[in-house]
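These notes are about the structure you will find just below.
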Amino acid sequence: MTDLSLSGPVPDEAEDGVYLACIECGETFAPFAEPTYECAACGSLLEVRYDEYHGFDSFAGAGVWRYDAALPVDDGVSIDEGNTPLYEAPTIEDEVGVADLRIKHEGMNPTGSFKDRGMTVGVRVAERIGVGRLACASTGNTSAALSAYGARADKETLVLLPEGKVAAGKLAQASLHGATMLEVEGNFDDCLDIVSELADRGEVYLLNSLNPFRLEGQKTIGLEMLEQFRDQTGDLPDRIVLPVGNAGNTAALHKAFRELVEAGEIEESEVPTLTGVQAAGAAPLVEAVEEEADEVTRWAEVETRATAIRIGEPVNWPKALPAIRQTGGTAVAVTDDEITDAQRSLAEDGIGVEPASAASVAGLRKLRDAGEIGADEQVVCLTTGHLLKDPDAAAEAGTDPQTVENSVSAVLDAAGD
Ligand SMILES: *Cc1c(COP(=O)(O)O)cnc(C)c1O
């Protein structure tokens, strides 16, 4: 039985009030003594826990480190991550027909995705533990973020990428920031298997979202979003719709809200409903939710234009399934064409995102059409990465330039009335 209860005695291993706990068997571990990714007793996922949980009064400043009271270390390897905009999206709000729609655009982070929030915390923890080489498997954005934060921390970084399936902008970032980039002849899940093995052998420190410290940084998406939504509307959102790859954000947002409940800041009934969206060609979590299964089964073959969520086994599913179920949420699959349509709709509201991000809006549209999301709901869609991450997908979704003769009249003619 998964136990996500935050209250309980603080174990002796805690350092500065911080410890790791297994979400299945409850076993606890020291946080910074050595690299620890999974429960040594039962192999399940770990979660960072604290001696004390905090409400909004404890937070000051801006960005991820505004929330330092809720984080395992006091400061990070930082390039000013977080403090991303919460946009209105009037065209989509009208067309979809919900009471309120905001877009939390995590593409506005320093390297263009939410992964920065995890890395500012995770790379600092790596320094504290005293590890050498940092590594990740990545569909692209994790490698871009890790290479930038690794460079900032003056650490060697190794990134494993699925060959031929990483968008151009992300490759360029990892390359310029100086990561050792290896393209594996396999998919993301294969890359993660290999890098996990390297981590087990002590060769590298793993900074995938299996790493519970990374999710602490990503938790600040949820904290920041609630504060912004309340500032803008006076209310809390009813529902959050987000793309799901490894389901790290699904787990991290749920943790943010559980901690606010534990701190007495919000009521259990005020926790927003978490609604996950996957691409139809990579939808193992959706399958488990639809079949009311206790486990997620890996899809050996995955395919989607939304390469950031081209993942056959979301490693955080043991956290994400309870997150969705306990908040009364659901999960839905959308086709690549639905994703591209949503990417165009966001663009019409001036918001540029990469395909995986648009999955959130595509999912909202689909569930609203099906009547599963109500017209009275206040919704936030999470957009996870910037348009420029995948320039090829953007160009394909948009229009082609026209070549004209070098003259004013030719330009006027071609531009039309
Ligand atoms: C990493 C990533 C995702 C997947 O997020 P999870 O937390 O692993 O579910 C979605 N969109 C983009 C753009 C990403 O980079």
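The values are calculated or read from the model by the stated rules, or taken from the named source; none is laboratory data. Treat the numbers as computed from the prediction; the structure is a model and nothing was measured. Please note: Cβ atoms are built from the backbone with ideal geometry, for glycine as well, and neighbour counts cover all protein chains shown. Remember, those area values only see protein heavy atoms, side chains included, never the ligands or the DNA or RNA. Shrake-Rupley method; radii C 1.70, N 1.55, O 1.52, S 1.80 Å.
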Checklist entry - What fraction of the DSSP beta bridges in the chain is antiparallel, stated in percent and rounded to the nearest 5? => result 30 percent
Checklist entry - What spacing in nm lies between the two simple spin-label points modelled at residue 413 and residue 74, each 7 Å away from Cα in the Cβ direction? => result 7.1 nm
Checklist outcome for this item: Two pseudo-spin positions, 7 Å from Cα along C-beta at residue 16 and at residue 231, lie apart in nanometres by 2.6 nm
Checklist outcome for this item: About its Cα centre, the range 115-206 carries a charge dipole, from +1 on Lys and Arg Cβ atoms and -1 on Asp and Glu Cβ atoms, whose size in debye to the nearest 20 is 540 debye
Item to check | Cα-centred dipole magnitude for the chain, charges only on beta-carbon of K, R (+1) and D, E (-1), debye, nearest 20 | outcome: 780 debye
Checklist outcome for this item: Computed curve, the chain, Cα-only Debye sum without solvent term, log₁₀ I(q)/I(0) at 0.14 Å⁻¹, is -1.26
Checklist entry - Among 198-206, 408-416, how do they line up from the highest to the lowest mean number of other beta-carbon atoms within 10 Å? => result 198-206, 408-416
Checklist outcome for this item: Largest fluctuation, 174, 375, 347 only, Gaussian network model of the chain with Cα springs under 10 angstrom, belongs to 375
Item to check | Accessible area per residue, Å², the range 330-410 with all protein chains present, probe 1.4 Å | outcome: 45 Å²
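With r as the distance between the Cβ atoms of residue 348 and residue 2 and R0 = 41 Å, compute the FRET efficiency 1/(1 + (r/R0)^6) and round to 0.05.
The calculated FRET efficiency here is 0.50.
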Checklist outcome for this item: Here, residue 261 and residue 88, labelled 7 Å along Cα→Cβ, have an inter-label distance in nm of 3.2 nm
Next on the checklist: Within the range 310-417, what whole-number % of the accessible surface is contributed by carbon and sulfur, with the 1.4 Å probe and all protein chains included in the calculation?
Outcome noted: 49 percent
Checklist outcome for this item: Going residue by residue through the range 104-113, the Karplus relation 6.51 cos²θ - 1.76 cosθ + 1.60 with θ = phi - 60° gives ³J(HN,Hα) values, rounded to whole Hz and with x marking Gly or Pro, of 8, 9, 6, x, 8, 7, x, 9, x, 8
Item to check | Structure-based [θ]222 nm, the chain - -39500 (n - 2.57) summed over DSSP H runs of at least 4, per residue, nearest 500 | outcome: -11500 deg cm²/dmol
